[in-house]
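The values are calculated or read from the model by the stated rules, or taken from the named source; none is laboratory data. None of the values given here were measured: they were computed from a predicted structure. Every residue, glycine as well, gets a Cβ built from its backbone with ideal geometry; the counts of neighbours run over all protein chains shown.
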Amino acid sequence: MSVVRRLRRRTLARVVTVACGLAVAVAAIAVYSLSLGEIDIPAADVVNALLGLDDGGSAYIVNELRLPRALVAVLAGAAFGMSGAIFQSLVRNPLASPDIIGVTAGAGAAAVVALLLFGWSGVAVSAAALVGALATAASIYLLAWRDGVTGGRLVVIGIAMAAMLTGIVSFTMTRADVYDARDALVWLTGSLNAKTWATVRILAPALAVLFALALPATRWLRALRMSDEAARGIGVPVERARLGLIAIAVALAAVATAAVGPVAFVAFVSGPIARRLTGPGGHTALVPAALVGALVLSAADLVAQHAVASTAFPVGVVTAIVGAPYLLWLLARTGRE
Amino acid sequence: MRRPHRLLLAAFGATSLLVTTACGAAGQASDEDARKLPAPVSVEHRFGTTTLDTVPERIVTIDLQWTDVMLSMGVEPVGYSVDTLMPETGVPWETIPEGATALSLTDGVPVEQILALDPDLVVASFSLTDQATYDLLSARVPTIAGPPDADTVIPWQELVGTAGKILDKTEQATQVVSTVEGQVAATAAELPGLAGKTFVLAQYVVGDGLTVVADEQDGSSLFFQQLGMTLLPEVKAEGERTGDARIQLSTERIDLLRGDLLAFLINGGDESDLADIPGFGELPGTVALLDYPTIVGLNTPSPLSLPYSLTQLRPHLDTAAAA
Amino acid sequence: MSRTLDPARPVTTATSRRSRRGLLIGLAALFAALLTVSVLSVAVGAQSVPLATVADALRDLHSDDTAHQIVAGRLPRLAAGLLVGVALGLAGAIMQGVTRNPLADPGLLGVNAGASLAVVVAINVFGITTAAGYIWFGFAGATLVAVLVYGVASFGRDGATPVKLLLAGAAIGAALISITTAVLLTDATTFNQYRFWTVGSLAGRRWDLIAQVAPFVLAGAVAALLTGRLLNTLSLGEEVARGLGQRVHLARVTAAAAAVVLCGAATAIAGPIWFVGLLVPHIARQFTGPDHRWILPYSMLLAPVLLLASDVLGRVMAPPGEVQAGIVLSFIGAPFLIALMRRRRAAAA
């Protein structure tokens, strides 16, 4: 017993260390991104601007342009990362991501229809995307329900729904004006461009609530990761716990997607990276996964904005280019163990 | 024709964190020596009303139409958006001044890049549709966005008129409008045979289908109507039935292309792809195969694009008038 | 009713012998269905042509008459549908057999992502604008990426396990899609062509294109049909297969190679129609059970029936325009697959 406890304590210590390290890295990138851009602002002026000691042109650039953008990147990245980690533990499959329950497909189809058929923009598109994501996830779950939900059925029904929704997206894209279709492509790729405090003000409280709900549920997640029987054995209400966790994970991904678009790969890659950093005991460590997500999205945006002079790319273009090689390396390594 | 090199750089440069910092001068335009307008000018647009008191000197133009309008008024924009559908050599009817900065819209409107140019006016039409982007820009620079209804194309005459008022050059604006309108009117006068003839404007997306303009208010439709022609009644009826300004057409429905003049774009292919359309070779009217800029010049007309497109079309108009 | 979709279920000769007659009848029925949709795809279109004229046109394909030309234009489209359907049906069945995963789809090897990037490069970098020009890029892209995915997944001790294949395919696919998107965002001309290509359609496919790709489909189909027994052994699990003297790795590579050639050829003709490869083997297994010697021919006939039916439906559902076959297919196929999944017992996933 004491061995188990000691092991657990050691794992916990490592998770805490890793989380602190990641938090420092996220903060460093966020601060760095404040001083970087078309307009050169020295670090001292950035600090002055943040402290409100300067209200000139550079203060506007720092406080209204770069700071909200950096915050949205951290928040949305954390949401994607945590959502992915929950799904991967729940489905007991490293391949799982919120995509399997249709968040991306649902949000994408709703947003493209809103943008191209209804001519909406801004907050209205985000709202449509949120509704689309949640409605799709709910219908996939309901369709997969038959004396309970099995992972395999959920995945196949998710694929089928995604096929239909992708059909709607591609069809709408072929019927639209090419300039509008390009705007839709930017949305579908996922972008942090022109994110203002208005986005932060909606995103931050929504995610705060969801994080607060998710962290206590980690206990259930740890039990469910082993097997349903084991979980039941230690008194976890299996069906209720699973539904609750899925709901939280879907809501996290849906809110983040509504804010920045379906950024590829962050949800997928955060869990495996976090697990590698925290070691074998950290399978269900949601905080490191969330921080990895924040780190990946912030770093990817930095690259997307500044890698090519005078041409900024949507952040979603970069996340996979950054994430994929790492995942492949991971894959090659696990084979040897 | 396109720009592969920058693109590959973009794709692979992204993997190595190759950060470049662009230099730009921050700071405010000095208002002291700015020229006052005789009376404040207010422009209504999608996100409200923008009022100008002084003549802007550093203008950023988003979208082709506005760039053209400013150039036609003799104003050189400090920054302009690049239309990636146009040939890499540039828009054929435009000569962009050396010092102007090309703005890429790959991640939406680049707010910081625009502010770095220290402009005193930003004008845009259909590429500025996001409220947040407008808010960020308009907090620092007077910004004019597109029309309240996103689907309408503002008549170019109106854009030139607005520019005339903003720039305090109303007489020049009137002159630009009358010169270009005069060219169209002169063509109509020279070719009385066009009166009453029908036209169809269509494109073939190779491997997919046809798209046909069915709206008489479309910029290109108006152009042909000014020449005395009318939209093919069958196309107009089909548009009214489906309620679409542009109708989708199967390649088997060539009956809707039988106008006296067919202005046609092959999108993503060449003339050999016309073999996909049964009966295309037997069409009764004059077939004018046009390139992409010519069609855009008619769809979203500007005082610079219209004369260009008119020149490109002229031989076909001659044939159609004589038929 | 109680059949499972799990291809790993052992095959007993007793069940296959008992239902052999029934299975043959089913195959004949599928063939008849294929003939029917083939006739429909010549007779039905966006422009209605009287049946007598259709018959006339078939006797005189080179007439200047527009109605005759319309009918003549439907023939290569039919051929394209047959080839693409056969290829995707077989490729899907093989992939599900090789990976022993009912979720496998040729797309999982990154085939579509590879083909898409190659087509975009062809248009953007090489300025190729004709479909006949960029099919080879699509083909090469699909094949190269499949080999790459397989290679990456083979790293490590236990070779290309299904899970590693899926992970490698997803990772490489996502990276390629990113590069594709970066190209599309900077070059709207390419995007303007790509958005139509990526839907998956049979319209405007010409004889020269079909003649170029047909040999690959035929060769791939023959190879695929011969892998039935191989897939059955593989489905018993690696240990057993090895015990039966099967060279597991070689068998898997051979079958996967056939699938990649088929899938590359299909994508070259019609663009990425990925869903049919997942769906059709599922339906086929409902009738055949887990014996791949039957799953393969059933899938081969069923896929073109679905694809051609979708194409014909797409021609008449939104006059005067058409809806692309790929779109119609996902709207017919998805509810079908959902219903199929709901019928299954919870245990079978």
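Quick look at the values:
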quantity: Residue tally, condition modelled with pLDDT under 50 and farther than 30 Å from C:L244 by Cα, over the stretch C:1-38; calculated: 1
quantity: Lone qualifier among C:I123, C:I135 - being at the interface with another protein chain (Cβ under 10 Å from one of its Cβ atoms), farther than 18 Å from A:W329 by Cβ, surrounded by 18 or more Cβ atoms within 10 Å (Cβ to Cβ) and modelled with pLDDT under 85; calculated: C:I123
quantity: Members of the stretch A:173-192 found to be within 15 Å of A:A111 (Cβ to Cβ) and either more than 10 Å from chain C (Cβ to nearest Cβ) or within 16 Å of the chain's Cα centre (by Cα) (or both), listed by number; calculated: A:D180, A:D183, A:W187, A:L188, A:T189, A:G190, A:S191
quantity: Hey, A:V200 within 10 Å of chain C (Cβ to nearest Cβ), out of contact with any Phe, Trp or Tyr (no Cβ under 6 Å at 6 or more places or on another chain) and at pLDDT 90 or above or not; calculated: no
quantity: From the options C:A153, C:A259, C:A241, residue that is touching a residue at least 24 places away in the same chain (Cβ under 8 Å) and not hydroxyl-bearing (S, T, Y); calculated: C:A259
quantity: Qualifying position, being crowded, with 24+ Cβ neighbours inside 10 Å, under 19 Å from C:R293 (Cβ atoms) and among the small types (G, A, S), among C:A223, C:A259, C:A241; calculated: C:A259
quantity: Count - residues of the stretch B:298-323 that are farther than 23 Å from B:P192 by Cα and part of a helix (DSSP H, G or I); calculated: 2
quantity: Count of the stretch B:237-248 residues which are under 24 Å from the mean Cα position of the chain (by Cα) and either surrounded by 18 or more Cβ atoms within 10 Å (Cβ to Cβ) or of a type in the set (S, T, N, Q) (or both); calculated: 4
quantity: Residue count, the stretch B:257-290 (criterion: over 26 Å from the mean Cα position of the chain (by Cα), surrounded by 20 or more Cβ atoms within 10 Å (Cβ to Cβ) and among the aliphatic types (A, V, I, L, M)); calculated: 1
quantity: Sole exception among (1) in contact (Cβ under 8 Å) with a residue 40 or more places away in the chain; (2) of a type outside the set (G, A, S); (3) under 16 Å from C:Q47 (Cα atoms); (4) out of contact with any Asp or Glu (no Cβ under 8 Å at 6 or more places or on another chain) for B:L261, by number; calculated: (3)
quantity: Filter result for B:D208 (charged (D, E, K, R), touching a Ser or Thr at 6+ places or on another chain (Cβ under 9 Å) and over 30 Å from A:H306 (Cα atoms)); calculated: yes
quantity: Candidates C:L209, C:L184, C:L231, C:L176 - the one that is surrounded by fewer than 22 Cβ atoms within 10 Å (Cβ to Cβ), outside any loop (DSSP other than H, G, I, E, B) and either more than 10 Å from chain A (Cβ to nearest Cβ) or not β-branched (V, I, T) (or both); calculated: C:L209
quantity: The stretch A:46-62, residues that are within 22 Å of A:A309 (Cβ to Cβ) and more than 31 Å from the chain's Cα centre (by Cα); calculated: A:G57
quantity: Residue that is nearest to B:T152 (Cα to Cα), among those in the stretch B:80-129 that are within 14 Å of chain C (Cβ to nearest Cβ), under 20 Å from the mean Cα position of the chain (by Cα) and acidic (D, E); calculated: B:D83
quantity: Number of positions in the stretch A:271-302 that are surrounded by 24 or more Cβ atoms within 10 Å (Cβ to Cβ), assigned to a helix (DSSP H, G or I), away from every other protein chain (no Cβ under 14 Å) and small (G, A, S); calculated: 5
quantity: Residue list for the stretch A:120-140, restricted to those being free of Cβ contacts under 8 Å to residues at least 12 places away in the same chain and more than 14 Å from chain B (Cβ to nearest Cβ); calculated: A:A138
quantity: Qualifying positions in the stretch B:193-207 - in contact with a strand residue (DSSP E or B) (Cβ under 9 Å, 6 or more places away or on another chain) and either assigned to a helix (DSSP H, G or I) or not polar (S, T, N, Q) (or both); calculated: B:L194, B:G196, B:K197, B:F199, B:V200, B:L201, B:A202, B:Y204, B:V205, B:V206
quantity: Filter result (assigned to a loop (DSSP other than H, G, I, E, B), of a type in the set (S, T, N, Q) and under 23 Å from A:R66 (Cβ atoms)) within the stretch B:92-128; calculated: B:S104, B:S127
quantity: Per-region count, the stretch C:39-93, residues of a type in the set (S, T, N, Q) and either at pLDDT 95 or above or within 30 Å of C:G289 (Cβ to Cβ) (or both); calculated: 1
quantity: Scan of the stretch B:130-142 for residues that are in a loop (DSSP other than H, G, I, E, B) and within 9 Å of another protein chain (Cβ to nearest Cβ), ordered by number; calculated: B:D130, B:A139, B:R140
quantity: Conditions (1) more than 30 Å from C:I338 (Cβ to Cβ); (2) away from chain B (no Cβ under 14 Å); (3) of a type outside the set (V, I, T); (4) not in a helix (DSSP H, G or I); number of the one not met by C:Y150; calculated: (4)
quantity: Pairs with Cβ under 6 Å, 6+ apart, first in the stretch A:30-41 and free of Cβ contacts under 8 Å to residues at least 60 places away in the same chain, second in a helix (DSSP H, G or I) and basic (K, R); calculated: A:L34/A:R66
quantity: Filter result (under 28 Å from B:S302 (Cα atoms), part of a strand (DSSP E or B) and hydrophobic (A, V, I, L, M, F, W, C)) within the stretch B:223-273; calculated: B:L231, B:I247, B:L261, B:L262, B:A263, B:F264, B:L265, B:I266
quantity: Conditions (1) more than 29 Å from B:E271 (Cα to Cα); (2) more than 14 Å from chain A (Cβ to nearest Cβ); (3) of a type outside the set (K, R); number of the one not met by C:A140; calculated: (1)
quantity: Unmet requirement for C:L202, which otherwise passes all of (1) more than 10 Å from chain A (Cβ to nearest Cβ); (2) in contact with a Ser or Thr (Cβ under 8 Å, 6 or more places away or on another chain); (3) crowded, with 24+ Cβ neighbours inside 10 Å; calculated: (2)
